[in-house]
Amino acid sequence: KDTEDMPPPLVNHMLIKVSGDQNEAKENIREYFIEKGVYHESMQIDTLEDKVLMNYTEELNMLKLVSVFASICILLTVLAIVALSSYFAQVKIHDTAVYKVFGMSSGETFLKTVWSFTAPLFAGTIVGIPFAWFFVSRWLESYPFRINNSPVIYIASLIAILAVTVASVVLQAIRLIRI
């Protein structure tokens with residue numbers, strides 16, 4: 001039969017579970033329809049993964065953009081914390097020397113320096129988490145597939161912020177300890 005004269009197939013959508021290579025399975029399905037004489041050029045044979053990628057390309061592009069933006073923000077934050085801690089250490093050299101003369105231990109100096117930077121960031125993070133929870137929950141409601149807004153993400157972000165801050169300030173704290 002001439003395939004151009006054939007009407008389009010009666011089946012609009014068909015879901016077939018395959019195992020193995022998806023491209024090979026698509027070709028086998030196409031060959032099957034050709035063999036049965038019901039294949040038409042208008043037929044599309046796609047995998048579920050292809051359909052998902054077609055429907056969510058905008059979200060995947062947004063994910064890439066947000067990832068780049070978040071990486072730049074983290075880098076700038078680390079640079080700012082290092083610069084502030086360096087300035088703070090330079091300004092506090094004399095005060096720290098006086099404290100140490102009057103008996104302040106190296107451990108206390110270290111804790112005081114690290115705490116002076118982690119306390120404001122910790123407080124800001126604690127205040128910001130409810131706002132982030134609210135806005136992310138509203139954003140996730142717009143998707144047809146529901147995603148849980150897990151508190152683990154916010155706890156992990158708090159830990160990451162504290163880790164980055166402590167790692168950025170440790171060198172300056174060690175410098176103050178040596179005074």
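Of all residues in the stretch 24-44 being open to solvent by 60 Å² or more (accessible area, probe 1.4 Å), of a type outside the set (D, E, K, R) and not in a loop (DSSP other than H, G, I, E, B), which is nearest to W139 (Cα to Cα)? Ranking the candidates gives N28 first.
For F134, the test of being within 30 Å of V52 (Cα to Cα), of a type outside the set (A, V, I, L, M) and assigned to a helix (DSSP H, G or I) is passed. Residues that are modelled with pLDDT under 85 and open to solvent by 80 Å² or more (accessible area, probe 1.4 Å): does the stretch 147-164 have at least one? For the stretch 147-164, residues modelled with pLDDT under 85 and open to solvent by 80 Å² or more (accessible area, probe 1.4 Å): present.
Could you tell me whether S168 is surrounded by fewer than 16 Cβ atoms within 10 Å (Cβ to Cβ), polar (S, T, N, Q) and more than 28 Å from E59 (Cα to Cα)? No; evaluated as a whole, the condition is false for this residue.
The values are calculated or read from the model by the stated rules, or taken from the named source; none is laboratory data. Model, not experiment: these values are computed from the prediction. Heads up, the Cβs are rebuilt from the backbone with ideal geometry, glycines too, and the neighbour counts pull from every protein chain shown. All accessible areas refer to the heavy atoms of the entire protein, side chains included, with ligands and DNA or RNA removed. Shrake-Rupley method; radii C 1.70, N 1.55, O 1.52, S 1.80 Å.
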